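I have placed the structure first, in the form of structure tokens, so that the comments after it can refer back to it.
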């Protein structure tokens, strides 16, 4: 997917990193305290944070790549891999766990032929566990592309995915 056009200009998934990220990062030039905001903006643009983007962001913020990786790995909102077209999140909070969310994850892993944290080969689905959605009354909860599904069972989880 990466293609080096000439030194300093990298094409990544149709986006010219140096040029596009320069525009996004311009307000944060040299401001280490803006790392989280800068990372969020770049992830919004690319869908995740590839290594090349981390290098670019670190340079703009005048910080080392190791410092920036420390920030990225501390917060669960940041991703190093691209999500699928449809993102499936299963709550693993206490109420959801007690009411069967591990069985839902297992059913979805089987249905999609992936493990939690992965994306299907065709790029259509990603599956992840989330600590808590705060919708305990609906436990177990599954969110697909911002659509909340409550009182999910392994069977209904499969049905939801198969309708997409």
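The values are calculated or read from the model by the stated rules, or taken from the named source; none is laboratory data. Fair warning: this is a prediction, and the values are worked out from it, not measured in the lab. So basically every Cβ, Gly included, is an ideal-geometry build from the backbone, and we count neighbours across all protein chains shown.
How many residues does region 130-144 hold that are modelled with pLDDT of 95 or more and closer than 10 Å to residue 89 by Cα?
So the answer is 4.
Does residue 130 qualify as being touching a residue at least 60 places away in the same chain (Cβ under 8 Å) and surrounded by fewer than 17 Cβ atoms within 10 Å (Cβ to Cβ)?
On the way: touching a residue at least 60 places away in the same chain (Cβ under 8 Å): no; surrounded by fewer than 17 Cβ atoms within 10 Å (Cβ to Cβ): yes.
Considered against the rule, which asks whether it is touching a residue at least 60 places away in the same chain (Cβ under 8 Å) and surrounded by fewer than 17 Cβ atoms within 10 Å (Cβ to Cβ), residue 130 comes out as no.
Working only within region 68-84, note down all residues that are out of contact with any helix residue (DSSP H, G or I) (no Cβ under 7 Å at 6 or more places or on another chain) and part of a helix (DSSP H, G or I).
Listed by number, the residues that qualify are 70, 73, 74.
If you go through region 108-127, how many residues are part of a strand (DSSP E or B) and modelled with pLDDT of 95 or more?
3
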